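K.L.:
Structure in structure tokens, see below.
What follows draws every value from the coordinates through simple rules; no lab data is involved. Everything quoted here is computed from the prediction, not taken from an experiment. In this analysis, Cβ positions are derived from the backbone assuming ideal geometry, glycine residues included, and neighbour counts consider all displayed protein chains.
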Amino acid sequence: MSDFELEPWLRTRRAEIGTILAARLVPPAEDPGRLVEAMRYSLLAPGKRLRPLLVLAAAEAVGREPDEPLRLAAAAVELVHCYSLIHDDLPDMDDDDFRRGQPTNHKVFGEATAILAGDALLTLAFEWLAEAGASAMAATGDPLVAQRHLRAVTALAKGAGMSGMVRGQARDLGEPRPESLQAVERLAAEKTGALFRAALEVGSVLADAGPAQEEALVRFGEHYGVAFQHADDLVDEDHVTTQTEARLRLHVLMQAALDALSLFDRRAEPLRALARRLVDG
């Protein structure tokens with residue numbers, strides 16, 4: 001049994017990500033349309049920061065301790081997640097009034113500004129990821145660093161875009177509510193799981209994981225993402241399958257995620273602990 005304690009690790013890593021988000025997205029002297037204010041409103045709201053945590057945990061599993069470029073790349077993934085929440089809450093999407101314990105962005109700033117805030121966060125994510133690559137390249141002088149960051153950009157774009165998260169949102173809006181477990185998990189893999197997979201891929205690529213390590217971490221992300229959606233639906237009592245079936249799948253997926261980490265040593269304990277928390281929580 002591991003002696004790893006998740007809570008201290010979470011506090012440390014969340015604080016690192018939170019510092020980057022607050023320090024880099026500062027209120028400008030002039031803020032037309034309250035754009036940056038709207039971005040900060042959603043981005044700095046209390047949240048789990050789970051996706052950037054997974055970036056850092058994946059890198060740690062490979063043996064890379066987080067440095068400033070890696071933390072900036074992880075924060076970029078949180079920007080993408082935050083954009084998706086702002087847009088997901090819009091009246092023409094899920095039409096939600098509250099998010100993270102406060103009124104949703106469009107309720108405070110209006111629909112047009114909320115859309116622009118989401119657009120700005122999405123594009124800023126790739127600016128930060130590119131900056132992380134330039135910073136790492138300058139620090140190491142290794143020409144392969146640039147190649148790894150290009151791969152990370154590709155992974156994040158695919159996870160967020162028309163083959164991932166946006167595809168899932170389009171399916172959710174354009175098709176009837178899924179009625180089978182298979183359909184539920186297909187939707188979850190796209191709308192939720194694709195960005196989790198991207199987070200694990202970004203972390204593994206930037207840590208220069210070997211092919212077997214990268215494949216295992218991506219597989220963990222795929223299982224974890226669908227399991228996360230099952231857990232979320234169970235908490236919200238919003239599952240189309242039976243509670244028993246959903247809980248069974250949650251345990252199966254969690255075990256599959258843990259099995260994917262079998263080739264890693266104790267440096268992957270943060271990932272293992274995060275997977276177990278889905279069931280325990």
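K.L.:
How high is the FRET efficiency between Leu263 and Ser163 when r is their beta carbon distance and R₀ equals 35 Å, given to the nearest 0.05?
P.N.:
Computed FRET efficiency for Leu263 and Ser163 comes out at 0.80.
K.L.:
Would you please state the base-10 log of I(q)/I(0) at q = 0.14, 0.24, 0.26, 0.31 1/Å for segment 78-130, with intensities from the Debye formula using one equal scatterer on every alpha carbon?
P.N.:
Values, matching the q order: -0.33, -0.84, -0.94, -1.19.
K.L.:
Still on this structure: Based on other C-beta atoms within 10 Å, arrange Val36, Val80 from fewest to most.
P.N.:
Val36, Val80
K.L.:
Could I ask something else about it? Any idea which of Leu195, Met93, Ala61 is furthest toward the positive side of the dipole for the chain, if Lys and Arg beta-carbons carry +1 and Asp and Glu beta-carbons -1?
P.N.:
Ala61
K.L.:
Then there's this: Once amide H atoms are placed 1.01 Å from N in the peptide plane, what residues at a sequence separation of 5 or more from Arg99, or on another chain, have their amide H within under 5 Å of its amide H?
P.N.:
Residues meeting the amide H criterion: Thr104.
K.L.:
Given the Cα atoms of segment 1-86, and with Rh set as the inverse mean 1/r over their pairs in the Kirkwood sense, what is Rg to Rh to two decimals?
P.N.:
Using Cα coordinates only, the ratio equals 1.04.
K.L.:
A follow-up question, please. When the label point is put 7 Å from the Cα of Asp119 along its Cα-to-beta-carbon vector, which residues of segment 23-46 have a backbone N closer than 13 Å?
P.N.:
Taking a point 7 Å out along Cα→Cβ of Asp119, the residues of segment 23-46 whose backbone N falls under 13 Å are 35.
K.L.:
Limiting things to C-alpha atoms, what are the Rg and the maximum Cα-Cα separation (Dmax) for segment 180-281, in angstroms?
P.N.:
In Å, with Rg to one decimal and Dmax whole: 13.6, 42.
K.L.:
Please give the charge dipole size of segment 6-280, origin at the Cα centre, charges +1 on K and R Cβ atoms and -1 on D and E Cβ atoms. Round to the nearest 20 debye.
P.N.:
Charge dipole, segment 6-280, about its Cα centre: 660 debye, nearest 20.
K.L.:
Enumerate the residues in segment 252-275 having an amide nitrogen under 12 Å from the point lying 7 Å beyond the Cα of Leu234 toward its Cβ.
P.N.:
252-255
K.L.:
Taking the Cα centroid of segment 1-54 and of segment 81-124, what is the distance between the two, rounded to the nearest whole Å?
P.N.:
17
K.L.:
Mind sorting Glu7, Glu127, Glu190 by how few other Cβ atoms lie within 10 Å of their own Cβ, fewest first?
P.N.:
Values: Glu7 8, Glu127 11, Glu190 22.
So the ranking, lowest neighbour count to highest, is Glu7, Glu127, Glu190.
K.L.:
Calculate log10 I(q)/I(0) of the chain for q = 0.09 Å⁻¹, where I(q) comes from the Debye formula with a single equal point scatterer on each Cα and nothing for solvent.
P.N.:
Calculated log10 I(q)/I(0) at the listed q: -0.41.
K.L.:
What is segment 6-280's relative contact order, in percent, from Cα pairs under 8 angstrom and six or more apart in sequence?
P.N.:
20
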